[in-house]
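To keep things clear, I will list the structure first and then write my remarks on it.
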Ligand code: NAD
């Protein structure tokens with residue numbers, strides 16, 4: 001198969017982790033007879049430095065011309081980087097929001113899976129972890145508070161800031177369908193998360209999810225208030241299969257879910273639209289505190305590449321080969337620094353490139 005992949009290396013650890021994902025993809029290409037054509041696309045701080053814009057029209061066109069986009073991460077230290085002295089619409093993250101909107105990437109999937117070998121890195125007590133957990137957070141990505149109208153006004157010397165949270169029924173229905181479709185391929189349970197005791201947008205969310213649920217009689221579903229869900233994620237994470245939620249709640253809950261897996265360096269993500277196209281990226285940011293040191297964990301990016309093979313190219317066996325290689329490397333005791341347990345007996349610390357080599361060798 002010929003695959004055209006747009007590659008956004010981005011900032012901070014982005015180029016380091018992308019190099020390892022390409023290493024693993026190339027090994028898949030050699031072994032399984034696929035050709036991956038990469039086209040570099042500028043976005044984020046590096047694009048600001050090169051063009052003055054976090055995302056140019058040319059970059060959007062290049063992304064649209066690709067079958068899928070694999071991304072590292074963008075952004076810098078938000079306190080010290082000059083990129084954050086620019087107006088909000090010129091900052092690195094504005095590029096990503098614009099790309100998501102331009103490509104209509106409304107469905108964000110983030111798996112949170114506890115590897116047996118990483119149970120020690122999970123901050124929860126053993127009796128809470130139980131048999132582990134395996135959930136998928138399905139977050140709406142192009143609506144809600146992050147895309148609503150916003151303004152800051154001064155009246156009689158008092159500053160007032162306003163952000164608006166808007167959803168229409170079509171936006172809710174299409175993400176709910178995606179959530180139930182994914183649940184059909186998993187353990188057939190959807191937890192729809194909202195704040196329906198306070199927000200109108202959540203009450204509409206609940207109504208539409210109930211309508212969609214009627215088309216999926218095999219899927220059991222429940223509604224949960226977002227504050228309760230935040231609590232349940234650390235009290236009994238094993239209860240969740242698919243968590244379906246709106247943009248801001250999903251942003252916060254997916255980071256919480258990532259923390260209970262032990263490291264943000266393990267979490268892949270996919271952002272999808274109505275076609276086979278997807279943007280695949282690790283859940284973490286550009287980690288400016290460790291950039292350039294060769295110690296970042298590349299696994300989330302490698303697993304994002306596996307999601308790309310599965311969801312865009314329908315190469316399920318190849319995706320599984322990558323996932324198995326990751327498990328094997330962990331079983332053999334190799335860890336990047338973020339995964340190092342306090343008791344280091346039986347484990348070997350490796351850097352970013354070595355982790356990529358080990359996984360590629362086991363594909
Ligand atoms: P971050 O995720 O970059 O870092 C948080 C902590 O996790 C840091 O201690 C970091 O070292 C660690 N970490 C993250 N990824 C890691 C990895 N692969 N291996 C080992 N450790 C890892 O979050 P932050 O510090 O809040 O944000 C830094 C920058 O990243 C900001 O500019 C932010 O806007 C941006 N950001 C970008 C994205 C994206 O590109 N999609 C997402 C989140 C944050």
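The values are calculated or read from the model by the stated rules, or taken from the named source; none is laboratory data. Predicted model only: the values in this text are computed from it and were never measured. So basically every Cβ, Gly included, is an ideal-geometry build from the backbone, and we count neighbours across all protein chains shown.
Tell me, yes or no, whether the range 136-148 has at least one residue that is within 22 Å of the chain's Cα centre (by Cα), farther than 27 Å from residue 347 by Cα, without any contact (Cβ under 8 Å) to a residue 40 or more places away in the chain and outside any strand (DSSP E or B).
Yes, because at least one residue in the range 136-148 is within 22 Å of the chain's Cα centre (by Cα), farther than 27 Å from residue 347 by Cα, without any contact (Cβ under 8 Å) to a residue 40 or more places away in the chain and outside any strand (DSSP E or B).
So which residues in the range 46-81 are within 8 Å of the ligand (Cβ to nearest atom) and either within 25 Å of residue 299 (Cα to Cα) or touching a strand residue (DSSP E or B) at 6+ places or on another chain (Cβ under 7 Å) (or both)?
Correct list: 71, 72, 73, 74, 75, 76, 77, 78.
Taking into account only those residues within the range 327-340 that are within 15 Å of the ligand (Cβ to nearest atom) and touching a residue at least 60 places away in the same chain (Cβ under 8 Å), which is nearest to residue 115 (Cα to Cα)?
Out of the qualifying residues, it is 330.
Just to be sure before I move on: is residue 118 surrounded by 18 or more Cβ atoms within 10 Å (Cβ to Cβ) and part of a helix (DSSP H, G or I) in the structure I sent?
It is true that residue 118 is surrounded by 18 or more Cβ atoms within 10 Å (Cβ to Cβ) and part of a helix (DSSP H, G or I).
Can you pull out every residue in the range 306-363 that is assigned to a loop (DSSP other than H, G, I, E, B), at negative phi and touching a strand residue (DSSP E or B) at 6+ places or on another chain (Cβ under 9 Å)?
Selection gives 312, 313, 315, 332, 336, 340, 341, 344, 347, 350.
From the list 321, 296, 291, 300, exactly one residue is more than 16 Å from the ligand (Cβ to nearest atom) and either modelled with pLDDT of 95 or more or surrounded by 23 or more Cβ atoms within 10 Å (Cβ to Cβ) (or both). Which is it?
321
Would you mind stating whether residue 286 is touching a helix residue (DSSP H, G or I) at 6+ places or on another chain (Cβ under 7 Å) and either buried (at least 17 other Cβ atoms within 10 Å of the Cβ) or assigned to a loop (DSSP other than H, G, I, E, B) (or both)?
yes
What pairs come out if I take residues in the range 56-80 that are within 17 Å of residue 21 (Cα to Cα) and pair them with residues that are surrounded by fewer than 21 Cβ atoms within 10 Å (Cβ to Cβ) and at pLDDT below 95 whose C-beta lies under 6 Å away, six or more apart or interchain?
73/285
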